[in-house]
Amino acid sequence: MKQSKLVVANWKMYLSTHDTSVLINRLNKKVPVYRNVEVVLSPSYLSLQPASMEIDRRKFRLAAQDGFYKDEGAFTGAVSYSQMRELVHYAIVGHSERRRFFNENLDEVRDKVAACVRNGITPILCVGETKQERNENETKQVLHDQIVTALSDLTSEDAEDLVLAYEPVWAIGAEEPAKPDTIKDAVDWMRYQVRELYGQKTESSIRVLYGGSDEPQYVSGIMEVDGVDGLLVGRASLNFEQFGDIITGVHLAALSKD
Ligand code: 13P
């Protein structure tokens, strides 16, 4: 059975715990239960525990924005996936901001993906090229390396639930998202990588998101792209009206495709 669409809010390092509660309350009221859309919220570590009690569970699930790949030990300042496993269904892994500001390399991303799966958490693996890599025609190579390395410890069974997110670095925090044709080329290529690794069945069961300057007016154009199953939303998810409209847009796009 085809899975529901997926909309993920990435709240990055923006909200205090209090502000997170306020936003969750507003979203609880604003967002209806859509049976064809799963909505996931990713507050900071600090807010995960209170958020788990505040979210309307018919409407929302939680994701971690990051995690450490060891399950426990002398790792001051780190939070492991095993510590979060009761709180979250998903974890964002390999976001370009982690790769850029925290020097996360391909092997670390692979170990985090494996740690998520080991702890029953579904990874949302972010991949995407920088502007320079795109200009130098390296997009396919970058996406290939990021995907193949990150998944190298997963069996096809592990990979079936996987979520991939195409987040071109140049479209994050930008004025507008990548164009649908650009998204299509990247998503086709990403799905091809998964097919090569695990076969057709796994490829058709994974979900692929697009992230980068998503706003309500772009939702229908992006959701029309074949192979795109949802969105990973940054700034617009901090505003309950805009995020609510994005969720409704994904719901309507899914209805019109049925
Ligand atoms: P913006 O939607 O703010 O461009 O951020 C996208 C993103 O990085 C989501 O993970």
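Of the residues making up segment 225-258, those that are touching a strand residue (DSSP E or B) at 6+ places or on another chain (Cβ under 6 Å), more than 11 Å from the ligand (Cβ to nearest atom) and part of a helix (DSSP H, G or I) number 4. When residues in segment 196-224 are screened for being surrounded by fewer than 22 Cβ atoms within 10 Å (Cβ to Cβ), hydrophobic (A, V, I, L, M, F, W, C) and either within 15 Å of the ligand (Cβ to nearest atom) or assigned to a loop (DSSP other than H, G, I, E, B) (or both), 1 of them pass. Look through segment 156-178, keep the residues that are more than 28 Å from Ile246 (Cα to Cα) and either touching a residue at least 12 places away in the same chain (Cβ under 8 Å) or touching a Phe, Trp or Tyr at 6+ places or on another chain (Cβ under 7 Å) (or both), and return whichever of them is surrounded by the most Cβ atoms within 10 Å (Cβ to Cβ). If we take residues in segment 156-178 being more than 28 Å from Ile246 (Cα to Cα) and either touching a residue at least 12 places away in the same chain (Cβ under 8 Å) or touching a Phe, Trp or Tyr at 6+ places or on another chain (Cβ under 7 Å) (or both), then Asp158 is surrounded by the most Cβ atoms within 10 Å (Cβ to Cβ).
Matching residues to (1) of a type outside the set (Lys, Arg); (2) more than 13 Å from the chain's Cα centre (by Cα); (3) under 19 Å from Val208 (Cβ atoms):
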| site | (1), (2), (3) |
| --- | --- |
| Ala9 | yes, no, yes |
| Lys12 | no, no, no |
| Arg26 | no, yes, no |
| Val33 | yes, yes, no |
| Gly73 | yes, yes, no |
| Val79 | yes, yes, no |
| Ser82 | yes, yes, no |
| Tyr90 | yes, no, yes |
| Arg98 | no, yes, no |
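The set of residues in segment 123-140 being in contact with a helix residue (DSSP H, G or I) (Cβ under 8 Å, 6 or more places away or on another chain) and without any contact (Cβ under 8 Å) to a residue 60 or more places away in the chain consists of Pro123, Leu125, Glu129, Thr130, Lys131, Glu133, Arg134, Thr139, Lys140. For segment 126-155, filtered to residues that are hydroxyl-bearing (Ser, Thr, Tyr) and touching a Lys or Arg at 6+ places or on another chain (Cβ under 8 Å), the residue that is surrounded by the fewest Cβ atoms within 10 Å (Cβ to Cβ) is Ser152. Looking only at segment 33-62, residues that are part of a strand (DSSP E or B) and touching a helix residue (DSSP H, G or I) at 6+ places or on another chain (Cβ under 9 Å) come to 6 in all.
No value in this document is a laboratory result; all are computed from the given coordinates. Treat the numbers as computed from the prediction; the structure is a model and nothing was measured. Here the Cβ is made from the backbone with ideal geometry for all residues, glycine too, and neighbour counts use every protein chain on show.
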